[in-house]
Structures are given as C-alpha cells and as structure tokens.
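This report concerns only the one structure given below.
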Amino acid sequence: MRRIGFVALFIALLSPSYVAQATQVDAQPEVRANADGAAFFEKKVRPVLAASCYKCHSETSEKLKGGLKVDSREALLRGGESGPAIVPGKPDESPLIHAVRYDHDDLQMPPKQKLADAAVADLEKWVEMGAPWGASEKTVRPAGTTGAAVGGAAAPAMPVDRKANYEKLRKEHWAWQPVKQVTPPQVNDAAWPKDALDRFVLSQLESKSLKPVGPADRITLLRRVTFDLTGLPPTPQEIDAFVNDRSDSGFEKVVDRLLASPAFGERWGRHWLDVARYGESTGQTRNFPYPQAWRYRDYVIDSFNADKPYDRFITEQIAGDLLPYSTPAQHNEQTVATGLLAMGIKDLNERDPLKFTMDNVDEQIDVVGRAVLATTISCARCHDHKFDPIPTADYYAMAGIFRSTQILSGYTGRKGGNNKDLLDRRLLATLEPTSNGAASQVAKSDDAQAARRKEKRTQELTTQLQQARTELRGLVQEVRGPKAGKNAKVAARQVVDAKEDLRRRRLRKLIGEKQSDISKLEQELDAIKSGTEDAPLALAVRDVPKPADCPVYLHGETDKRGDVVPRGVIRLIDVNSQTPPAISPTESGRLELAKWLTDPSNPLTARVMVNRIWLHLFGQGLVRTPDNFGTTGEAPSHPELLDYLAARFVRDGWSVKKMVRALVLSRTYELASTYNKTNAAVDPSNELLWRMAPRRLEAEAIRDAMLAAAGTLDRARPAGSLVANLNPGEVRGVNMMAGTGAFAKCRSVYLPIVRNNLPAVLDVFDFAEPTLVTGSRDVTTVAPQALFLMNNPFVLEQSRQFAEFVMAEKKLSDTERVELAYRIALSRRPTAGELRRVADYVNAFGAASKDSNFKDAKDPNKLRLDAWSTFCQALFASAEFRYVN
C-alpha cells in the first residue's frame, strides 16, 4: 500500500461532523467577482476593442465583416460566419484569441498590425475570467459617436443616461456622501452589546425578528483571534493559560498580547501587500526581477507593527520623498514607502517611450484609486467613466501628477529595439548612510589609500569602456556589411544566404551582450564618481525636473492629443468644501494628492480602510466589493455602522490597532459559527451577522501553521529576499528557490513573490494575484489542493518533523501523543472515537506494510515513524486544520 493510500484512508476516518460544519460556509454572492470583472473589462478590454475592432465589427460599422460584432458579450458569444468568437473561461478554445495571437496565417486580427503583447495578454485573461462585461450594458457604441468635444475631437462615448446623471449620481450615491455622525441605535436586548458597534448589528437582527447564535467556546475563540491577528495557531500552553484565566479581562489580555506581537505586522502587512499588488518582478511580456522590492515589504510590516497612523501611512506611500525628515533613517523609510508607485507591472517590450510612461501612469492611478478610495478611476482613461461620474478630464488631471513623477524601478521600455538585460542602478533610489550603518556599510572616505583605489578602478573602467565601445562599433559595422555570395548561382546563393543569416543572428547576439557589458561598466563608473558604489538601493519615485500638466489622449491613444488638463484630483467627492488643492508649478502635486486623500472630510478613505479591517476579521466586508465602492459595486449591509466606524477610526488617530482591538472585543466577533436553520432561511448569506461564518485559512496561514506544528518555524525575519540573489535577466525557476536557505522555514510573507511564478504552496491555495489590487481573495476548493497536501515534499517533510516531535516525548503514552498532536494541529483534544480510530489506523498501517513491499516494513522504528508521519499528515490534510470557526 502506497503512502497516499494510508493518508486517504485516515482522512476518511476523521470526525465527519467537523468536516460537514467547516464546509457549511455561507453562500458568497458573485457580485464582487462581477464588479471586479467589469472593472477589468472597462480598463483593459473595452479600449482595445474600441480602438482596434469596432470599425469593422460593431453595430455602427459601415460594412460589417465576417458577420461578427464585438460590441456586446452576446454578439461575441453568438459570433459570426465562423461561429462563436469566444468560449468563456477557455482562451485557448476561443477564435478571437487565436486571431489576436496571429496563430494562423489565414486569421489575423487586426489585419494590418498585431496588437501589443500586453493587450493580447489582457484579452486572454479576460476570456479566462469568463469574459465579464460592463454591468448590464448590452451594446457599446464606438468611440467618438457621442459625447463632448475635447480638443476639437469627439470624446469617447458613454451611455447617455449615465452622462446626463453625473451630478445626480454625485449627490445621491451613498459612497460619495460625507461620513455621518451616527448615534448607535437603541435595542431591545440591552444586555447583549459589549461595544456600541454591537448595537448596530443587533438592531438589524431585531428588525428581522432574528436572534444571534450564542458565543463561541473559549478554545474556538482563542484559535480564531490568534489566526486573525497573527496568522499562526495558538500553542497548547496559550490555550491552557486562557482556558484557566476566568477573569473578566482574560480575553483583553490575549488580544493585547497578540497586537504587541511582531507577528501582527506580518499578518496585517500581508493584507496590505495584497492591495498594493506587491510583486518582486516586472511581470508582463518580459519578467525581470525587482531585487529591492523587499524593502517596501519590510516597510509595510514595520508600519503595522508600529501602528503608524493610517493617514501617515498613505501619505508616505504617495509622497514620502517630499516630506520633511530629521534623520537619514527617516528619509530612507519615507523613500522606500513610495515603492508602492514603482513596483507595478512594466511592459519592457514597449518601444514607444510616451506609451510606456502613460501605461505606468495608468497603473499608478489604478492602485491609488482602488486601494485608497475603492474607485475605478482608471476606467476613465479612454472615455468618460461608463458608470461612475468621473470624466476623462479628471483622469488626466491625476495623470499629470504621476506623469510629473519619475519611477525608479531600475527599468525602462525597449527604446528603439534595445532592451538592457541588466538592472540600471541609475534608475533606482540611493539610500543615505545612517549613523548605525544600517543603510550603508560603506560611507564616503577621505582615506588616501581608498582614494587611490577608486582612481585606479576609474582608470580601469574607462579603458574597458572605450574598448567595449570600439568593439561594439565594429560589430555594428559588420552586421551592416554587404551580403556574401551576391552573384552566386541560385542554389549556391541559398546556402550562402542561410549561412549569412546565421552569422547575422550571431552578431546581433554579440551586440546585445556587448551593450549589456557597456551598460554595466557605465553604471559602475557613475557609481564610483558619485560615491554611491556601495550604497543600498530601493524602488521609489521622485519628481521629474520639470513637472507639467498632461493632455487628454483621445481614446487613450498617445498619438491623438487633446486639450491639456491642469493637474488636480477627481471631482467625484467634496473635500474641504470643494477647495481644490493648489499645486505648485515646480512640483508634481503628489503631496497635495496625499493631503487630499487623507483629509478627514474625504468620505472614502476611512470608509474603505475600515471596511478592509472588518473583512479580514469577519470574512466579508460590510461592503462586499472592497475595491469598488462605485455604482457597480455593492451597497453596505450596515451603512450606519460603516459610518460610525469610519468616524471612530479618524477620531482615534487613524489607528489600525485600536480599530482591530475594538472589533475583536465586540460581542459580534465572539459569536459561534453554529448553523441556525431559521436564521438561514431569512438571511442565507449571513449579511446580518447572526453568526461567525467559518472561514478557510489563507495560503500563508496554512503553510505557517504546518511549520508551527512541526516545530520548525523560524520566526526571525530573513535578510532581504531570494529575488535579490538572482542573476540579472529574466526570472525563471524561482519556485524551486522557495525552500532554500534561510527562507525554507521562514514565515510565508517573506517568500519570493515573482509575478507569473509563485511558490506552489501559495499558488494552490488562492494567493492574491500580484498584478492586481486584491482586497478580497477568492476561495476555491479544487482537486490540486488535496493532491498538494498528499504529495508535496514540503508537506511530507513537515509531517515527518511533526511526528518526530510528538514521538520525542518519551514520558507520554501513545494516547497522550495523539492528544498532543490534536492540540498542536487543531487546538483541541480528540474525542474517544478519534482516539480509537487513530489506534486502529496505526495498527492497520503496520499490518498492511508487513504484507507489502513497503521499503520500511522490516524496520520497526522506521515503520512506527511512517505510521505517525502519515497520521500527522492526515491532520494537516483535514478540513478542520484549514478552517477557523
């Protein structure tokens, strides 16, 4: 019998009651996915269809070609003369995708010029998402058929009824109104609430004649709050201490201990990294590393641990480099914070410098708009927003701010066909030396010997650079030379031309390598001359030398220039009685943008963050579309509670820890997850919060819990990132690095997050897509997860380590060992039936192994370890291990 058979056998013997309870999760509506899909369509897909397809394939085409329309989802599904154009969820089976890929010579769309690789990738992703469309709009008119003129040309169209109601929407949609000062309502059961927020919850329940279920037991509550605040399970010692502490303040002491733990920042910092679309590579068409991205990761973790006020946290990420500072360390911290704006995806194949810039600007607007305001501002890049009152002019007002900002990521676009394979340190921020040497181990020195060494190295580099440039000119001249065999006979000429083609390809490769060598020499020479050759670097941004306003680019196309729009913010919401921030002509405007975002009168910023905090503690937000508070998002289930918490958040100094503490000490948070048939009939999705819904752990918590159970978790922060050790060039094979060196047993937040190449242990359990703002992760249950838990080497190793730890307790009986394993892995003691099933399983394992060719059958000690290892693995593979109640 193979190992997988033993594990499957024992999983089947686990207590079935918990599995049923844990998987009885509240039905989650599809509204969040639909809203996110609509936003992706508006931002990435509709502009491509409008610019490249509508002329020949839309309702208003002068001559419809192939009978195909692409201006509605129904038309794409219906297709044309050749049948359906798309198969939702299956890009490889969709003729539209084959056409834009140029897979076949007889079907290439657009016919005159292939779409950019990034646009093709967006269409593929859209079809894979199920081809979501923009809200309920069925037919989309081509750009330019209606709408106000911008710079003498017709602006892209939007539904007439939406455009006419812009002002009405601004005044009526809930999210854009000022935060109300709300008084908690009176309730019938006045003894139930522990905090004022409980009164809002109970009031809605009572209005539906519903009652909340009872409180969770102490062990369940401790496991829940420990995972929620630190991402780790409680230890048996912590369980005993809490169960035995019957004081009124026992739970408060637990919460304060968890909030003070460094693990809090690692847990809650990871939540923000999801929103910040944190990644350590460029992604897109060519995937190059960001070796310095880890500095931003550590900044975020440290900020949550220090309980940095949220308004300051946002300000530093938007304009940290523009803030005053008192020490080099503070300046470095603020510089690193702006990495939020630098670490987005980059299309390094883009040859047009202006398009490369505007694509990056769009990505910055998207992350700021959705992360801070839960607003899809970037949907207005090509046309007035289809659903929210954001005109294109407002988009380009913000675009002027970011276009006046230089991204220091180390990379640029292709520029004339050349693409440097090495990171350019001149396109990164140089951090300052600090008094304790943390920022740099080498400072400028007046030592004569050091000066002589630098002078000698400068001379060497200068000579090498001159030689390399001479060699490059020779290679270029050679590749431009006349073809050999020009007057030969046809047959001979074909052979010669083939050889000539190979020779030219070899020369072009040598030219690329020589260009990389020259770039590296130039960087080292510049670093020596500036005295920063050993200074640490960081992803960041800074103002360009000459900030300027941005024109409207009609339909989002950089070759169609409209009127110039003054730099500013969107007019969607009223902040400080509509007083627009004054932007100096010599500055980008990022500092003014940050002040506008964090102004207490901004109705979105506090609401959005409070909703994110609620989501991570209760499984779903009060607004279940956390990245979209617009008209295509969902309305809040408890609007008065949301406003009460937002006002409280600001009043408490924008403290995340105070808000978390208040929520977890509430009566609502302490509810059991008990299913109630009567309540479920009225409120099947638990919007009214009559119970705590069971939740599956995130990928990081599952991995960290395995390490913790096995006793192998290293809680120390590893230095840097594995990505920082990669060789220059495109990133490949980083999955294999996730289990090496100091990172093999570190917390999962420190694993390398390379776009398009995530560690398998994270990817299989619905890790956040690092190219997108992700306020709420998907939760799927698919076969690869079970296979991972049964076969992955990491799981097998931790199962064995767990078994060795349990078996090392020599004074314990086997029954006591089973109890210890259950307490470590599941935070509870086994039932009598479970104890019996484990004993039967271990005996069955031994008997079956002796009658087979199992390699350890003749070694009783190894056989015993194998039996206990598979038992421990079965605990890891159980639903109870992966869920919190």
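If you rank LYS386, LYS90, LYS454, LYS346 by fewest surrounding Cβ atoms within 10 Å, what's the result?
Sorted ascending by nearby Cβ count, the order is LYS90, LYS454, LYS386, LYS346.
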Check SER281: other-chain or 5+ apart residues with amide H under 5 Å from its amide H, H built from backbone geometry?
TYR290, ARG755
Ranked highest first by average number of other Cβ atoms within 10 Å, how do 191-200, 868-877 line up?
868-877, 191-200
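To the nearest 0.05, what FRET efficiency results for THR434 and GLN464 with a Förster distance of 45 Å applied to their C-beta separation?
About 0.85, to the nearest 0.05.
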Applied in sequence order to the range 363-368, the curve 6.51 cos²θ - 1.76 cosθ + 1.60 (Karplus, θ = phi - 60°) yields integer Hz couplings, x standing for Gly and Pro, of 5, 5, 4, 5, 5, 5
Calculate the length of the line joining the C-alpha centroid of the range 194-226 to that of the range 540-565, in whole Å.
51
Identify all aspartates and glutamates with a Cα-Cα distance to LYS811 below 16 Å; exclude those on the same chain that are fewer than 8 residues away in sequence.
GLU819
Among LYS90/LYS112; LYS180/LYS546; LYS168/LYS595; LYS346/LYS456; LYS180/LYS658; LYS69/LYS560, the pairs whose Cα-Cα distance exceeds 31 Å are LYS180/LYS546; LYS346/LYS456
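Among LYS168, LYS69, LYS862, LYS112, which comes first, then next, by fewest other beta-carbon atoms within 10 Å? Working shown, then result.
On the way: LYS168 10, LYS69 24, LYS862 14, LYS112 7.
Sorted ascending by nearby Cβ count, the order is LYS112, LYS168, LYS862, LYS69.
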Taking 7 Å along the Cα-to-C-beta vector as the label spot, tell me the LYS208-ALA582 distance in nanometres, rounded to one decimal.
5.2
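Could you tally the net charge around PHE805, taking each other residue with its Cβ under 13 Å from the Cβ of PHE805, Lys/Arg +1 and Asp/Glu -1? Walk me through the intermediate numbers first.
Values: positive: ARG800, LYS810, ARG817, ARG823; negative: GLU797, GLU804, GLU809.
Every neighbour counted, the sum reads +1.
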Local electrostatic count, ASP198, Cβ distance below 15 Å [Lys/Arg +1, Asp/Glu -1]
+2
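What does the charge count around VAL255 come to, taking other residues whose C-beta lies under 15 Å from its C-beta (Lys +1, Arg +1, Asp -1, Glu -1)?
Numbers: positive: LYS194, ARG218, ARG223, ARG224, LYS253, ARG257, ARG267, LYS657, LYS658, ARG661, ARG667; negative: ASP195, ASP228, GLU238, ASP245, ASP248, GLU252, ASP256, ASP307, GLU670.
So the surrounding residues net to +2.
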The range 675-689 and the range 341-420 have their Cα centres apart by a whole-number Å value of 43
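Taking N as the number of residues in the range 31-136, what is its Cα Rg relative to 2.2 N^0.38 Å? Show your work: numbers first, answer last.
Numbers: Rg = 12.8 Å, N = 106, 2.2 N^0.38 = 12.9 Å.
It is 0.99.
For an R0 of 35 angstrom, estimate the FRET efficiency from the Cβ-Cβ distance between ASP652 and ASP240 and round to the nearest 0.05. Mind showing how you got there, number by number?
Details: r = 33 Å, r/R0 = 0.96.
Step by step, r from the Cβ atoms, then E = 0.55.
Relative contact order (percent) for the range 31-136, with alpha-carbon contacts under 8 angstrom and 6 or more residues of separation?
Working: 147 pairs, mean separation 31.1, N = 106.
For the range 31-136, the relative contact order is 29 percent.
Using 0.36 nm per residue of separation minus the Cα-Cα distance, give me the extension gain between GLN177 and ALA190 in nm, one decimal. If you can, show how the numbers build up before the last one.
Numbers: separation 13, 0.36 × 13 = 4.68 nm, distance 3.09 nm.
That pair, GLN177 and ALA190, stretches by 1.6 nm at full extension.
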Please compute the contact order of the range 177-227 in relative form: average sequence separation of alpha-carbon pairs under 8 Å and at least six residues apart, divided by the residue count, as a percent.
25
Would you mind ranking SER281, SER94 by Cβ crowding within 10 Å, fewest neighbours first?
SER94, SER281
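Just so you know, all these numbers are worked out from the coordinates, no wet-lab data involved. Quick caveat: nothing in here was measured; it's all calculated off a predicted structure. Ideal geometry is used to build each Cβ from the backbone, glycine not excepted, and the neighbour counts take in all protein chains shown.
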